[in-house]
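Enquirer: Structure below; questions to follow.
Any read-out appearing in this document is the output of simple, stated calculations on the displayed coordinates, not a laboratory observation. Since the model is a prediction, treat every value here as computed from it, not as a measurement. Please note: Cβ atoms are built from the backbone with ideal geometry, for glycine as well, and neighbour counts cover all protein chains shown.
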Amino acid sequence: MSETMQNAGAGPVNFSPSAAHHRASPTHHDSFSGNSRSLDELMTLKPYFAGQPKSLSGIALRAFCLGITLACSAISMGAILFLTTSPAWRVPFFLFALSAFHFLEFWTTAEKNTLVASIGSFLLTANWPGYAIAHSAAFTECAIVNLFFPNRHWAPYGTDPILLLLGLVMVAAGQYVRSVAMLQAGASFNHHVQTRKKDSHELVTSGIYSVFRHPSYFGFFYWGLGTQLVMGNILCFFAYAAVLWMFFSKRIKHEEAKLIEFFQDDYVQYRKRVGTKIPFIA
């Protein structure tokens, strides 16, 4: 990651086979040709083998697919924008935003919380099937409206450009806040609410956490709403707002009960100082 040489002497050689001369090669427990590893080493590496939670081949495949999808959606978006007058560029825009989001979910985890980075860190199947249904509905509404009703006025009083710009700002700002929050929290961040305090858990109150109490939730909330503004989805905008608000309201309540248990009065005082900046979630 030997051959045994015979001694060619002038006289006869009294050769007696023994364990030293005929030692069987160690049994290989993995797929690496010519490389013998102990069982302990193999068990340590097992999570990185194909089909395992941290499979390197699985991670590479997903990153490759996300990169191809991001590139194709960017090319499609640019072609529609510069070669036609159709508003259908909004469809590949959503695919572009989703590809960037899921890649950054894994990258930020791998960068600052390496030990827990896995295939699941891409969040491609998170909250399945509700997550997939929500995005499918957004794609469907946007495609139907922009392909069959391209001249419809979905925003009141000619505010289409303003709402479009607002949506783009919300998508960019939401993604930035979420990614920075994950990087600054490091090992203290996890995609799942933790029920036990680990030695690596620290109460992060500086940086972006001094502005938002749950910056990753704030970021995704406004990122999601921003995508629907850009796409011009009236129905999905309000549906996203309702579903995301209910999801984060319930999750924050559950998570903060654990955070108070972990950090006691330190978290209580932090919660008093810093808000979530999500409407009606104090």
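Enquirer: Could I have the simple spin-label model distance between Asn190 and Leu42, label points 7 Å from Cα toward Cβ, reported in nm to one decimal?
Expert: Simple spin-label model gives 3.0 nm for this pair.
Enquirer: Rank these for me by crowding, Trp223, Trp245, going from fewest to most other beta carbons within 10 Å.
Expert: Numbers: Trp223 21, Trp245 16.
If I rank by nearby Cβ atoms, fewest first, I get Trp245, Trp223.
Enquirer: May I ask you to compute the full-extension gain from Phe148 to Ala173, defined as 0.36 nm times their residue separation minus their alpha-carbon distance, rounded to one decimal in nm?
Expert: Extending this stretch completely gives an extra 5.9 nm.
Enquirer: What ranking of Val204, Val193 emerges when the number of other C-beta atoms within 10 Å of each C-beta is taken as an exposure proxy, fewest first? Please list the in-between numbers first.
Expert: Values: Val204 17, Val193 13.
By the 10 Å Cβ count, ascending: Val193, Val204.
Enquirer: Tell me, what is a quarter of the convex hull surface for the C-alpha atoms of region 47-273, in nm² with one decimal? Spell out each step's value before the answer.
Expert: Working: hull surface 55.3 nm².
Mean projected area for region 47-273: 13.8 nm², to one decimal.
Enquirer: In addition: Leu115 versus Ile133, label points 7 Å from Cα toward the beta carbon: distance in nm?
Expert: 3.8 nm
Enquirer: Still on this model: Quick check on the exposure proxy: order Ser99, Ser206, Ser76 from fewest to most C-beta atoms within 10 angstrom. Each step should come with its number before you reach the end.
Expert: Details: Ser99 20, Ser206 7, Ser76 17.
Ranking Ser99, Ser206, Ser76 by Cβ neighbours within 10 Å, fewest first, gives Ser206, Ser76, Ser99.
Enquirer: In the neighborhood of Ala187, defined by Cβ-to-Cβ distances under 13 Å, what is the net charge if each Lys or Arg adds +1 and each Asp or Glu adds -1? Write down the numbers at each step before the final one.
Expert: On the way: positive: Lys112, Lys197, Lys198; negative: Glu111, Asp199, Glu202.
Local net charge: 0.
Enquirer: What three numbers, in Å, describe the spread of the alpha carbons of region 177-270 along their principal axes, ordered from the longest?
Expert: Extents along the principal axes: 45, 23, 22 Å.
Enquirer: Output ³J(HN,Hα) for region 223-229: one whole-Hz value per residue in order, computed from phi by the Karplus curve 6.51 cos²θ - 1.76 cosθ + 1.60 with θ = phi - 60°, and x for Gly and Pro.
Expert: So the J values, rounded to whole Hz, are 4, x, 5, x, 4, 6, 5.
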